[in-house]
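The values are calculated or read from the model by the stated rules, or taken from the named source; none is laboratory data. These numbers come from a predicted model, not from an experiment. Neighbour counts run over all protein chains shown; Cβ positions are idealised from the backbone, glycine included.
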Amino acid sequence: MGALVWITGASSGIGAALVRTLPWSDAEVIGVARRAPSGCAHLPADLATEEGWAVLARDVARRVAGGSQSRVVLVHAAGSLDPVGFAREVDPAAYTRNVLLNAAAPQVIGQAFLAATAGLPLRRDLVLLTSGAAHTVYPGWSSYGAGKAAVDQWCRTAGAEEAARDGAVVLAVAPGVVATAMQERLRATPEASFPARERFVRLHEQGRLADPDEVAARIWGVVDAGFASGSVLDLRDLPPPGAAP
Ligand SMILES: NC(=O)c1ccc[n+]([C@@H]2O[C@H](COP(=O)([O-])OP(=O)(O)OC[C@H]3O[C@@H](n4cnc5c(N)ncnc54)[C@H](OP(=O)(O)O)[C@@H]3O)[C@@H](O)[C@H]2O)c1
């Protein structure tokens, strides 16, 4: 058997593009989302809930226990901006879900993957989608930006731990500004809720949003590029594919 690959957020945007551009033809791919993805198996889970995290953790543990895979990979691309707005003004229940999805889920899912795959005599990769919002202040994105900052520091720390145990390679990758439903949603947000909206509208009008399939292919390239575990990367800082070394 080839690679065993979980992709969260596989029903849309970058996650769906990761399914389409997977570089290994013999891989078994499990797409984790509430809506069904195309081109791979579906593991339905709401990753803003403890139950959703447990569904994924059980699936990872079950499949690696019974399998003869050559490699295991989990890419966590599920994420959401909602509710966009100033912390004091948004719906508290929606805000709590944002915190659970963007800050807690990557850590809980990441821990489950590392624990379930520890000791397997094969290559293990854990890739978390992060964002420039981890270190740029965007009023209207307090929990989203804080969630991505948590992703970055979790990656550095758990990545260093794995390196100390000859374990998985843990990476966080910021994709740049990508033409997905997340960006459409952002452009539909009132300026009062997200004062930087105009910047993203302009990028869209100038045709400067990255193509999801190109971004996904670059993410797969990063996975096999030999970065040290714990690296936090931004595709915009890396040489474009085919660039002279
Ligand atoms: N697009 C950009 O410009 C950009 C920039 C920087 C970082 N990112 C990051 O890249 C990742 C992918 O974003 P995208 O642009 O591809 O967004 P997208 O097109 O809106 O897709 C988001 C994905 O996350 C899943 N998701 C959302 N809430 C979920 C929940 N409660 N449980 C399970 N899955 C959930 C959605 O699946 P269901 O709705 O079917 O559950 C969907 O598959 C995110 O982590 C995002 O923060 C994107």
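Things to note:
- Residue list for the stretch 47-98, filter: among the hydrophobic types (A, V, I, L, M, F, W, C) and in contact with a strand residue (DSSP E or B) (Cβ under 8 Å, 6 or more places away or on another chain): L47, V55, L56, V60, V64, V72, V73, L74, V75, A77, A78
- Pair list, Cβ under 8 Å, 6 or more apart: the stretch 52-66 residue more than 25 Å from L100 (Cα to Cα), other residue of a type in the set (A, V, I, L, M, F, W, C): R63/L4; R63/I30; V64/L4; V64/V72; V64/A116; V64/L120
- Criterion (within 20 Å of S12 (Cα to Cα), touching a residue at least 60 places away in the same chain (Cβ under 8 Å) and out of contact with any Cys (no Cβ under 8 Å at 6 or more places or on another chain)) met by exactly one of V169, V173, V177: V173
- When the stretch 200-224 is limited to residues that are of a type outside the set (A, V, I, L, M, F, W, C) and under 18 Å from the mean Cα position of the chain (by Cα), the one that is farthest from L186 (Cα to Cα) turns out to be D224.
- Flag if R88 is of a type in the set (D, E, K, R), without any contact (Cβ under 8 Å) to a residue 12 or more places away in the chain, assigned to a helix (DSSP H, G or I) and under 21 Å from A168 (Cβ atoms): no
- Just so you know, in the stretch 10-33 the residues that are part of a helix (DSSP H, G or I) and near the ligand (Cβ under 8 Å from one of its atoms) include one that is farthest from Q69 (Cα to Cα), and it is G13.
- Test for T130: is it without any contact (Cβ under 8 Å) to a residue 12 or more places away in the chain, within 27 Å of P212 (Cβ to Cβ) and within 12 Å of the ligand (Cβ to nearest atom): no
- On inspection, L128 passes the criterion of being within 30 Å of G67 (Cα to Cα) and touching a Cys at 6+ places or on another chain (Cβ under 9 Å).
- Within the stretch 34-72, being within 16 Å of the ligand (Cβ to nearest atom) and either under 20 Å from V173 (Cα atoms) or charged (D, E, K, R) (or both) holds for R34, R35, D46, L47, E50, E51, R58, D59.
- Of residues in the stretch 76-113 being among the β-branched types (V, I, T) and away from the ligand (no atom under 11 Å from the Cβ), the one farthest from T180 (Cα to Cα): V108
- Top-ranked residue in the stretch 163-174 [being buried (at least 19 other Cβ atoms within 10 Å of the Cβ) and over 19 Å from D82 (Cα atoms); ranked as farthest from the ligand (Cβ to nearest atom)]: G167
- Unmet criterion (only one of (1) under 22 Å from A17 (Cα atoms); (2) of a type in the set (A, V, I, L, M); (3) modelled with pLDDT of 95 or more) for A150: (1)
- Residues of the stretch 218-231 that are of a type in the set (A, V, I, L, M) and out of contact with any Leu (no Cβ under 8 Å at 6 or more places or on another chain): A225, A228.
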